[in-house]
Every structure is written in C-alpha cells, then in structure tokens.
1. By how many degrees, between 0 and 90 and to the nearest 10, does the Cα long axis of helix 324-337 differ from the longest principal axis of the chain?
2. Please check which bits of region 179-222 a label hung off residue 130 would reach, taking the label as a point 7 Å along Cα-to-C-beta and the cut-off as backbone N under 15 Å.
3. Before rounding to the nearest 500, sum -39500 (n - 2.57) across all DSSP H runs of length at least 4 in the chain and divide by the residue total; then give [θ] at 222 nm in deg cm²/dmol.
4. Multiply the residue gap between residue 491 and residue 182 by 0.36 nm, knock off their C-alpha separation, and tell me the result in nm, one decimal place.
5. Mind giving me the FRET efficiency for residue 522 and residue 69? R0 is 51 Å, r the Cβ-Cβ distance, nearest 0.05 is fine.
6. Can you tell me the 0 to 90 degree angle between the C-alpha axis of helix 192-209 and the longest principal axis of the chain, rounded to 10?
7. Simple spin-label model, 7 Å along Cα-to-Cβ: residue 26 to residue 216 in nm?
8. May I ask which residue of 352, 187, 147 lies farthest towards the positive end of the charge dipole of the chain, with charges of +1 (Lys, Arg) and -1 (Asp, Glu) on Cβ and the Cα centre as origin?
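Nothing in this text is a laboratory measurement; each read-out follows from the coordinates by a stated rule. Because the structure is a prediction, the values reported are computed rather than measured. FYI the Cβ positions are ideal-geometry reconstructions off the backbone, even for glycines, and counts take in every protein chain you see.
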Amino acid sequence: MEVPARDAIERSRAALRAGDAATARELLGGIVEPDGEVWELLGSAAYLELDFARTAEHWERACTAYRRSGGHAGAVRAARMLCFVHMMVLGHPSVAQGWLGRAQTLLSGVPDSREAGWVALNVGMFDGDRARKEEGLRRALEVARTVGDADLEFAALGYLGASLVHADRMDEGMALLDEALAAVTGGDVDDFFVLEEIFCQLFAACEHACDVRRAEEWIAVGEEVARRRNLPAVSAFCRTHYGGVLTTAGRWTEAEEALTAAVGLWGLSRRSALRMGALARLAELRVRQGRVDEAAQLLAELDLGRAGEAARPLAAVHLVRGEPDLAADVLERALAEGDAEGAAAAPLWALLVDVHLAAGRVEAAADAAERVARCAERVPRPHLTALAALARGQLCVAEGTDPSVCLREALTGFAAAGMPMELARARLALARAVHAERPAVARAEARAALEAFQRLPAARDADAAAAFLRELGVRAPVARRTEGVLTAREEEVLGLLGAGLTNPEIAARLFISRKTVEHHVANVLAKLALRSRAEAAGYAARTGSAAR
C-alpha cells in the first residue's frame, strides 16, 4: 500500500481513539482501493456514530477482503466483531451464531494467535450454559496473559466478573469487575469496544445485585472516560443500567434523566436491542411513579414474545388494571425462562405473591412466598431477605395471623439495602396490620410511608397511604408539589414546543424517536396541568422557555 494511504490509515486510527469518527471516515474516504484494514476501520467509525447496520456492512466487506488477501487474523477478527454487533446490538442471535461459527472455522489459519483468545471470549460471552461460559472466559484470560494482550485480559476479566455476579457469586465477581475498571482508568485498555463493554458489565452487575454504592462510585468514572474519549456508547451503557439502579434507590429524577437519555441515544441507531432494555427500565420507573398508562405505552414498543426484563413492569401494569391472570401468566413465563431460585427471580416471585393475593388465591400466594424465601436462602443479601419477609408478612395478613415480626424484618432489610419504595410499602403494610391493637404505631408508620411516597413521588401509593390515614381519623399532610418539575429533557421539549416545532421536527432536533417525543409532550402537559400543545407553547413563551 502506498505511503499516503498508510499515513491516512494511521491518522484514522488516532482519530478513532479520540472518538472522532467523522475525521476517521474522511481520511479513509480518499483511499481508492480499500483493503480489509480500511473496511474494518470504516466499520469502527460507523459503530462510533451508532450506525450499526453500516457497521455490519463494512465489517462483512473487511472479512471478505482479509480472506482474499490471506489475512487470516484479520478475517477472524472481522467475523467475531460481526458476531458481537449482531448479538449485542442488532438483536440477531442466529446471524451472530453464524458469524461465531465462521470465526472458529477461520481460526484454523492462525491457531496460536491472540485471536484464539478473542474467539474464546465470544464463545464464553454467548454460551447459555454457565459452566461452559466461564470455561470460555477463563480460556480467554489465559491466552491474554500468555500473549500479553491487555485489552483481551481486562475484557475477559470484566465478563468473568459479571458472569459470577449473575450466578449470584457476588463478592467474587465484583472484585474482578473492580479490577477491570481500575485498569480502564489507569490507561491499560485502549480499544473503545473493550472499554465500553467493561463499563456495561459492571453496571449490569450492580443492577442485578442492587449494589447502589458501587454503581455510584463508578458512574462518575464512566462519564469522565466517555467525555474524554468522546464515546457516546459508554454513556449509553452506563445510563441504561445505572438508570435501573437509580430507580431502585429511589432517585427517580436522576433515573428518568439517565433512562430517557439512553433511549434517545440508542434511538440514533436504525435498530437497537439495547434501546429495548432502556425502554423496559423506563417502564418500570413509570409503574413505580403510578403513571401506568405511560408505562403501557413504553411496553407497547417492545417485542414481548419473550418476557425478559420487561416482565416485571408488564405484570405490574396488568395487576393495576385488575388483570391478575394476565399478570400471573407474564411472571410465570419469565420465571420459566431463567433460574427460578436466583437473585433475579426473587422480585418476580414477590410480585406473583401480590398477584395471587389480589385474585384471592392464598394457597398459590403461599407457594410463591416460599419461592422468594428459597431465593433469599441461596443468596442472603439484605434486599432479598427483606423481599422474603414482606411476602411472608403479606401471607400472614391473608391467613389472619400476626405479620408484625415478618414486616419489621422487611423494614430492616429494605433500609439496609437503600430501597425507599419497598421500605415505604412495608411501613404501610405494617400500619395496616397493627392498627387495631396499636393505633399509635399504625399512625406513625402510615405517616412515614406517605411522606416517603410523596418524596419519590409515587402517586398511587401516596393516595393509598393518605386514604388509610383518613380511615384512622388522621388528616393526611398536603403533598409538596413536585409534579410541575420538568426533567432536563422535558425542558428541551417544552422549549421546542414554544418555538412551534412539530413532533417529527422535535425528534429530528433531539435525535430521539417520535414515540419518545410523544411521551415527553404528554409528561410536560401533565406536569404543568396544560390541556394542549398550544397551551404549552403559550406557557413557554410566557416563561421564556421557548428555544431560540
């Protein structure tokens, strides 16, 4: 290859390391006869720009070009990267497995190279059997340390740590993830694909473990790395899973900002399975807020053929709408798909207790409560112990026995886990249980529950707590108005409404979908007690919110 072309390639690599996809693409565009290396770099630039369909197209050309020129390692690399983008981003598991098989076949041309470790990593990443998964990841780690490939080493360490956490070996797994993230901040990781994947695995693990403290410590690091290297995908990965952690932690304003940003960012791609995860988490937040219709609208965008991570909010919507049989079906299908006694199953079993009790099926509720207890016994974490105690307490109420010991245990566990919504619900359950024998305690617990619901704010639960206080002859305190406080994204939408933009124009301006704009407009109208877009535009003009 001519020197000018080689110079353009090296400069494009430097641009990609700095997160400057446009410059990298421009430099490569002048090469008349692109080879495998050029197509690979063009695919990486498209990935940075979140154009994943074009990413796959370029990497397919790279694989073909490498094979024709005898570049076996390059062909393996392109094939495994195609496996990654189809599985993790585009949501094409069959296509991904095809490319993984292709990478394994092509590996025969370079059996002792570092690519053997990268292929082992992909095999471990996508294997559904936990033992085989960890075997592949440990093999990748072994190869990385043998050949001195730091990117591979810390990618394998991150995936192995996450696998251990999701297998409920949480302390062991978190230690590996912390080490991998320390390597990122220490400059040991160069490849931006590896960098974003390590962050993804860390925050997914924190969400699974309800580890709010660890997530808070690392999120600032993730945002700084994303800012320094201009890598929006890092922020999207962080925000999606961190938004789930923030929802559990009761920090709902921050959770909404994180999740709407993730939905919008992944919406830049033509099709992204990752956007579906952000939508499911945003639906969970809406359910907790009592905005059930909005949660249903978000869930309508998802492929619900497999219950997956949308199972809990979808079942909750059915329960609120008085459809316990539909809620039970969603939960039972989700539980059948995974480990029914792991940490991830416990919240589903706990919600199934509520569903069965709502339908008057006490015996079925008792079976579900027992399953929550088994999860907590296997993984003795505070939030799981509290879920099991709350389920037992609710069952005691249904059976006419004293639930106070169980409910107080639930209070202790939820407080230790930092879960204010669940803590408030346990307080209200305790107040209902003791109001006849200990009315003063009932009033105190119900007031505390109401104040917590109002702080979040959780409208439906706050209404329930206020109604119970009235039954006790207590005038409920007036809620502080928080519904009129717009998020940063809603402020942007309000400003663009004031400037007279239509929903499609707002979507184009903010790089989000039209459906997401509709959600934001509905939120703005509800929070500001406005009846129409015209009133919103007038409000924006009066308050100086209109975009210039």
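1. The two axes meet at around 40 degrees.
2. Label zone hits: 208-209.
3. Numbers: 29 runs with 415 residues, N = 548.
-24500 deg cm²/dmol, from helical runs alone.
4. Working: separation 309, 0.36 × 309 = 111.24 nm, distance 3.62 nm.
Taking 0.36 nm per residue and subtracting the Cα distance, the gain is 107.6 nm.
5. The calculated FRET efficiency here is 0.40.
6. Its long axis makes an angle of about 20 degrees.
7. For residue 26 paired with residue 216, the spin-label model returns 4.3 nm.
8. 352
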